[in-house]
C-alpha cells in the first residue's frame, strides 16, 4: 500500500514538472511571436510616416533587443532580437526629377540615417552580460526566510560596417534588469 502511494506521488510530481515546462515554453514562444508581430507593424508605420512627411522613398529597418520569460531562471530572462524592415515609396516628384530617398535604422530607441554615399554591408553585434545573484537565508526561532536578488547588467555594441570593413556607425547601449523574491516558511 505504501509503495503505491509513493509511486502515485512520484508520477504526479513528474507529470506536474512536465506540464510546467510545456506551459512555460508555450508562454515564451507566444511572447516572442507577439513581439515580432508588434515590431513588424511598428516598423511599417514608422516607414510610412517618414515617407509621407518627406515625400520620399524610405527604407526603414528596426532592430530591438527584448528580454523574455525564461523557464529555467525567471529573474535572468533571455534575450531575443526581433527585427523588421520596410520599404515605402510615397514620393511624388516633379516631372523629370528623381524622388528623394533615405535609409533609416532604429536600434532599440536610437534612430539614425545613412548618408547617400554610405552603403551598409552587415551589422556586428556584441553583448557583454554580467549577472549577479545574491541568495540569503535567515533562520529565526520558528521561521526560515530566504531571498533571491538577481541583477542583470548588459553592455550592447552594434557596429554598422560597409563592404570594405569600415565601421560606418557604432552604437553603445547599457541595459539593466533583474528582480527579487522573498520566501518565508513557518515550521
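The values are calculated or read from the model by the stated rules, or taken from the named source; none is laboratory data. The structure presented is a predicted model; accordingly, all values stated were derived computationally and were not measured. Glycine also receives a Cβ, built like all others from the backbone with ideal geometry; neighbour counts cover every protein chain displayed.
So, in the range 29-47, how many residues would count as being touching a strand residue (DSSP E or B) at 6+ places or on another chain (Cβ under 6 Å) and farther than 14 Å from residue 106 by Cβ?
Of the range 29-47, the ones touching a strand residue (DSSP E or B) at 6+ places or on another chain (Cβ under 6 Å) are 31-32, 35, 39-40, 43-44, 46-47.
Then drop every residue that is not farther than 14 Å from residue 106 by Cβ, which leaves 31-32, 35.
Residues in the range 29-47 being touching a strand residue (DSSP E or B) at 6+ places or on another chain (Cβ under 6 Å) and farther than 14 Å from residue 106 by Cβ: 3 in total.
Return a yes/no flag: does the range 76-89 have any residue that is over 25 Å from residue 171 (Cβ atoms) and at pLDDT 85 or above. Steps first, please.
Initial filter on the range 76-89 (over 25 Å from residue 171 (Cβ atoms)): 89.
Within this subset, residues satisfying the condition of being at pLDDT 85 or above are 89.
The answer is yes; a qualifying residue exists.
Filtered by the rule that a residue be touching a residue at least 60 places away in the same chain (Cβ under 8 Å) and either farther than 21 Å from residue 156 by Cα or over 8 Å from the mean Cα position of the chain (by Cα) (or both), the range 74-87 gives 74, 75, 76, 77. Right, residue 157: within 21 Å of residue 67 (Cα to Cα), at pLDDT 90 or above and surrounded by 12 or more Cβ atoms within 10 Å (Cβ to Cβ) or not? Yes, satisfied.
Against the criterion of being touching a strand residue (DSSP E or B) at 6+ places or on another chain (Cβ under 8 Å) and closer than 30 Å to residue 148 by Cβ, residue 82 qualifies.
Just wondering, is there one or more residues in the range 134-152 that are assigned to a strand (DSSP E or B), touching a helix residue (DSSP H, G or I) at 6+ places or on another chain (Cβ under 8 Å), surrounded by 13 or more Cβ atoms within 10 Å (Cβ to Cβ) and in contact (Cβ under 8 Å) with a residue 60 or more places away in the chain?
From the range 134-152, those assigned to a strand (DSSP E or B) are 134-139, 143-152; that's our starting set.
In the following step, the residues that additionally are touching a helix residue (DSSP H, G or I) at 6+ places or on another chain (Cβ under 8 Å) were identified as none.
No, every residue in the range 134-152 fails to be assigned to a strand (DSSP E or B), touching a helix residue (DSSP H, G or I) at 6+ places or on another chain (Cβ under 8 Å), surrounded by 13 or more Cβ atoms within 10 Å (Cβ to Cβ) and in contact (Cβ under 8 Å) with a residue 60 or more places away in the chain.
Here the strands (runs of 3 or more DSSP E) wholly within the range 1-119 that include at least 1 residues being surrounded by 12 or more Cβ atoms within 10 Å (Cβ to Cβ) and touching a helix residue (DSSP H, G or I) at 6+ places or on another chain (Cβ under 7 Å) are 56-63, 66-68, 78-80, 83-89, 100-107.
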